[in-house]
Amino acid sequence: MQSDAKQYPLELQFLWGRGAKETPVAVSKWSIQDAKTGHVLASGQSGGPIILASLPNGRYAVLATYDGNTLKRYVPVKKGLQEDALLEWPQ
């Protein structure tokens, strides 16, 4: 998966907890929206702790819900660069 990740400009990682107790979140609902318009470009339910997304240049809002709690992160995407967005729910 690491070699595939380099082909995608956006990598989302879903984690629960912090530090030594940090564990991957295998099931969460997520969406990627245009940051300006709120238009949903992609959404789904993750089957693992990592989502790879191929998007055009722009600024995006990533929303993810786990155990009834929603996190939101804004991420820039630029061709030739990879942005890693960590969504981490506290214990």
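Tabulated values for the structure
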item: The chain - percent of accessible surface contributed by carbon and sulfur, probe 1.4 Å; result: 50 percent
item: Cβ-defined net charge surrounding Leu12, 10 Å radius [Lys, Arg +1; Asp, Glu -1]; result: -2
item: Values of log10 I(q)/I(0), in the order q = 0.20 Å⁻¹, for the chain under a Debye, Cα-only, solvent-free model; result: -0.94
item: Charge dipole (the chain, unit charges on Cβ, about Cα centre) - positive-most of Gly19, Gly48, Leu81; result: Leu81
item: Those GluC sites (Glu not before Pro) in the chain that DSSP places in a loop and that have at most 15 other beta carbons within 10 Å; result: Glu22
item: MRE, 222 nm, helices only [DSSP H, n ≥ 4, -39500 (n - 2.57), over the chain, to nearest 500]; result: -500 deg cm²/dmol
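The values are calculated or read from the model by the stated rules, or taken from the named source; none is laboratory data. Fair warning: this is a prediction, and the values are worked out from it, not measured in the lab. All Cβ positions, glycine included, derive from the backbone under ideal geometry; neighbour counts span all protein chains shown. For accessibility, only protein heavy atoms count, side chains too; no ligands or nucleic acids. Shrake-Rupley method; radii C 1.70, N 1.55, O 1.52, S 1.80 Å.
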